[in-house]
Amino acid sequence: MRMSQLFSTTLREVSADAEVASHQLLLRAGYIRQLASGIFSYLPLAQRALKKVEDIIREEMDAIGGQEITMPVVHPAEIWQRTGRYYAIGSEMSRFKDKNERDMVLAMTHEEVVADLVSREIKSYRQLPQLVYQLQTKWRDDPRPRSGLIRVREFTMKDSYSLDADWEGLEKQYRAHYQAYFNIFHRCGIGAIAVASDTGMMGGKVAHEYMYLTPIGEDTLLLCDGCGYSANRQIATFQREGADREDLLEKEEVETPNMQTIEELAAFLDIPTSRTSKAVFMMATTGEGEAQQDRFVLAVIRGDMEVNETKLANAVGAREMWPASAEEIAAVGAVPGYGSPLGVEGALVVVDPSVADAANLAAGANRAGFHTRNVNCGRDYTPDITTDIAAAGEGDGCPRCGKPMRTSRGVEVGNIFQLGTKYTDALGGEFLDADGKTQPVIMGSYGIGVGRLLACVAEESHDEHGLIWPISIAPYQVLITLLAKGEGEAQTTAEAMYHQLREQGLDVLLDDRRENPGVKFNDADLIGIPVRLTVGDRGLKKGVVEFKLRRDSERSEVPVDEAVERAIGAVRQLEGELSDRIVEVPYSE
RNA sequence: CGGGGUGUGGCGCAGUCCGGCUAGCGCACCUGCUUUGGGAGCAGGGGGUCCUCGGUUCGAAUCCGAGCACCCCGACCA
């Protein structure tokens, strides 16, 4: 490609809206342009890089037995109604009617369509196992797109679906993905870790998320350096200290004027915050279809701990949860700032073991200006549910080995789910087993956000001057910077190298623009092509051209007739370094 | 959906508080000449519904009202 013909141009300045490095650089270097919130165009340079990422994914999927297919972006609502997700998912799924007034949806994922295909294609256990995948557009009307390509509404996802006759088969395909995903991320030049995760709207039991660790990540992870335990904070558990045995004391109301926070209360009563309990008021939508209802949830936890809303939502079976309003709180007889389950009616009371197992805690009296000492769960109020709803944090003990855990931020670049039969049950995805019995096909689903992955690579690999692409996904492998505006020896030489490198099968970009050298060098750094040859009259007088790797600061001179070979050698070496990073990763639950 | 912020040539901004005459600046773009190894110089030039609608006024980018879009922080996802 000749840079003079390139569709996109680089920008000197970029909107102040772009905050993260990948967003700024992809905009400035002319890779992407935003059309609307969370909706981007991918210009030629990005398209080429994305294509390379996709091809790496295809190779790894094919290697574990995948067959590529393409499923529709527009689905009839009916299949989503049959699995219940039409009702369980909120405004994130876009719905519309076709010209015949038939309800339709835009695809946010494809379990339903796969299950429908299974019902049509799979008849016998002899046809299993199967693995199908696609690279296709998803639309998720996300409540809050952000950080450029990290979180968008329209995006390309690689989604694969495993189909098995039994759970052992699912486990096998699941583990194959587990390793294939590491291969994909390593080949794209980033590290990622697999963490145990919530299953969210997918349902199912076992799930892992692949996290690229970065401070700009939206997820908080708990990691144990002792035993390797890792989990998303949404589901992370931790070791609880054993509760001291204490005799239950008489409860006693005390005046606590203007003590609305746990810290103020604990200081006032001269007790540690761990001797208090606090209440969190939420509204939760539970049930499905006709049975759907909004319930008031009162969550109780020790004063020094935080409620984990994902755990709480899972505990009460909520599909949506949001903070209760002042009116709703008053309606059950609770008082904000002085809240507890004492005397509350009509609320679903969920108690964390930190409170259920402790004795004589200070809690709100549900009366403005008063708290109650020596409150005991079970004696003074009865919980509807007692379960872990506590958020794990930095320093909490690892649930496996007890060592203090650390936290880290991460971006979810992929996930894998053991789904089971939820979708095939709902949509008739059945087969006959060897005994002639009808069985539901067991599914797994596995996703990778392609654009998000590209953005993570950009986050991982850049400097103050611009992008530094790994050779595997760089839009071009070699850039020839021609420092001459007119015809002459430099132009002739650069053109010759351009053709030779292309004949060798390399992706080459030739900067033949009529620009000053400074502009070309700065754009070269910005765009991030890994290998650069600079051809100018000054070097040619000495019979050399300049060779430089984007990631290195040093440049070297090579004789003109060795330059092509040198560039090819550099590309091969960079490729070799990347493939050396592919390692077997032990499976961890 | 709650809180905060921003909308002015392609991009980045000033002007808005305190209404005023051809709406400025930098970058980018076009033409010519010069320059040519780390974002060149001079000269000339093109391009703007000042987010939209409504109102106040002799007069609105500026004041008032409503709406829309985008960004950031929270609840949610690849």
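Quick rundown of the values:
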read-out: Residues of the range A:201-229 that turn out to be within 21 Å of A:Leu453 (Cα to Cα) and either without any contact (Cβ under 8 Å) to a residue 24 or more places away in the chain or of a type in the set (Ser, Thr, Tyr) (or both), as a count; value: 4
read-out: Only listed residue being in contact (Cβ under 8 Å) with a residue 24 or more places away in the chain, surrounded by 14 or more Cβ atoms within 10 Å (Cβ to Cβ) and more than 17 Å from A:Gly466 (Cα to Cα), chosen from A:Asp523, A:Asp512; value: A:Asp512
read-out: Condition met for A:Thr256 (modelled with pLDDT under 85 and buried (at least 16 other Cβ atoms within 10 Å of the Cβ)); value: no
read-out: The lone exception for A:Gly242 - which of (1) under 28 Å from the mean Cα position of the chain (by Cα); (2) modelled with pLDDT under 90 it fails; value: (1)
read-out: Test: A:Ile529 is within 41 Å of the chain's Cα centre (by Cα), hydrophobic (A, V, I, L, M, F, W, C), open to solvent by less than 90 Å² (accessible area, probe 1.4 Å) and farther than 30 Å from A:Arg12 by Cβ; value: no
read-out: Of all residues in the range A:273-309 being among the hydroxyl-bearing types (Ser, Thr, Tyr) and more than 13 Å from A:Val350 (Cα to Cα), the one that is nearest to RNA strand B (Cβ to nearest atom); value: A:Thr285
read-out: Unmet requirement for A:Asn100, which otherwise passes all of (1) more than 24 Å from A:Thr199 (Cα to Cα); (2) outside any helix (DSSP H, G or I); (3) open to solvent by less than 80 Å² (accessible area, probe 1.4 Å); value: (3)
read-out: Matching residues, the range A:318-331, being surrounded by 13 or more Cβ atoms within 10 Å (Cβ to Cβ) and either away from RNA strand B (no atom under 12 Å from the Cβ) or more than 17 Å from A:Ala390 (Cα to Cα) (or both); value: A:Arg319, A:Glu320, A:Ala324, A:Glu328, A:Ile329, A:Ala331
read-out: The range A:103-146, subset farther than 19 Å from A:Gly414 by Cβ and open to solvent by less than 10 Å² (accessible area, probe 1.4 Å), residue farthest from RNA strand B (Cβ to nearest atom); value: A:Val118
read-out: Residue list for the range A:498-543, filter: in a helix (DSSP H, G or I) and more than 13 Å from RNA strand B (Cβ to nearest atom); value: A:Tyr498, A:His499, A:Gln500, A:Leu501, A:Arg502, A:Glu503
read-out: Top-ranked residue of the range A:14-26 - restricted to ones that are touching a residue at least 12 places away in the same chain (Cβ under 8 Å) and over 22 Å from the mean Cα position of the chain (by Cα), ranked as farthest from RNA strand B (Cβ to nearest atom); value: A:Val14
read-out: The range A:10-56: number of residues that are farther than 23 Å from A:Tyr476 by Cα and assigned to a loop (DSSP other than H, G, I, E, B); value: 10
read-out: Residues that are of a type in the set (Val, Ile, Thr) and outside any loop (DSSP other than H, G, I, E, B), drawn from the range A:439-491; value: A:Ile442, A:Ile448, A:Val450, A:Val457, A:Val478, A:Ile480, A:Thr481
read-out: Residue within the range A:482-496 that is outside the structural domain of A:Leu574 (by TED's automatic domain parsing), more than 10 Å from RNA strand B (Cβ to nearest atom) and among the charged types (D, E, K, R) present; value: no
read-out: Residues of the range A:147-171 satisfying the condition of being more than 10 Å from RNA strand B (Cβ to nearest atom) and in contact (Cβ under 8 Å) with a residue 24 or more places away in the chain; value: A:Ser160, A:Tyr161, A:Ser162, A:Leu163, A:Asp164, A:Ala165, A:Asp166, A:Trp167, A:Gly169, A:Leu170, A:Glu171
read-out: Flag if A:Ala434 is part of a loop (DSSP other than H, G, I, E, B) and in contact with a Phe, Trp or Tyr (Cβ under 9 Å, 6 or more places away or on another chain); value: yes
read-out: Matching residues in the range A:527-537 - criterion: being in contact with a helix residue (DSSP H, G or I) (Cβ under 9 Å, 6 or more places away or on another chain) and not small (Gly, Ala, Ser); value: A:Ile527, A:Pro530, A:Val531, A:Arg532, A:Leu533, A:Thr534, A:Val535, A:Asp537
read-out: Top-ranked residue of the range A:434-460 - restricted to ones that are touching a residue at least 60 places away in the same chain (Cβ under 8 Å), away from RNA strand B (no atom under 13 Å from the Cβ) and open to solvent by 30 Å² or more (accessible area, probe 1.4 Å), ranked as nearest to A:Ala567 (Cα to Cα); value: A:Glu460
read-out: Qualifying residue in the range A:339-349 (condition: touching a residue at least 40 places away in the same chain (Cβ under 8 Å) and among the β-branched types (Val, Ile, Thr)); value: yes
read-out: Hits in the range A:200-249 (condition: of a type in the set (D, E, K, R) and open to solvent by less than 20 Å² (accessible area, probe 1.4 Å)); value: A:Glu209
read-out: Residue that is surrounded by the most Cβ atoms within 10 Å (Cβ to Cβ), among those in the range A:539-561 that are touching a residue at least 40 places away in the same chain (Cβ under 8 Å) and more than 15 Å from A:Tyr476 (Cβ to Cβ); value: A:Val545
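This table checks each residue for (1) open to solvent by 30 Å² or more (accessible area, probe 1.4 Å); (2) of a type outside the set (Phe, Trp, Tyr); (3) more than 19 Å from A:Phe238 (Cα to Cα).
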{"site": "A:Gln260", "(1), (2), (3)": "yes, yes, yes"}
{"site": "A:Thr276", "(1), (2), (3)": "no, yes, yes"}
{"site": "A:Thr286", "(1), (2), (3)": "no, yes, yes"}
{"site": "A:Gln293", "(1), (2), (3)": "yes, yes, yes"}
{"site": "A:Met305", "(1), (2), (3)": "no, yes, no"}
{"site": "A:Asn308", "(1), (2), (3)": "no, yes, no"}
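The values are calculated or read from the model by the stated rules, or taken from the named source; none is laboratory data. All values reported here derive from a predicted model rather than from experimental measurement. Please note: Cβ atoms are built from the backbone with ideal geometry, for glycine as well, and neighbour counts cover all protein chains shown. The area values use the complete protein model at the heavy-atom level, side chains included, leaving out ligands, DNA and RNA. Shrake-Rupley method; radii C 1.70, N 1.55, O 1.52, S 1.80 Å.
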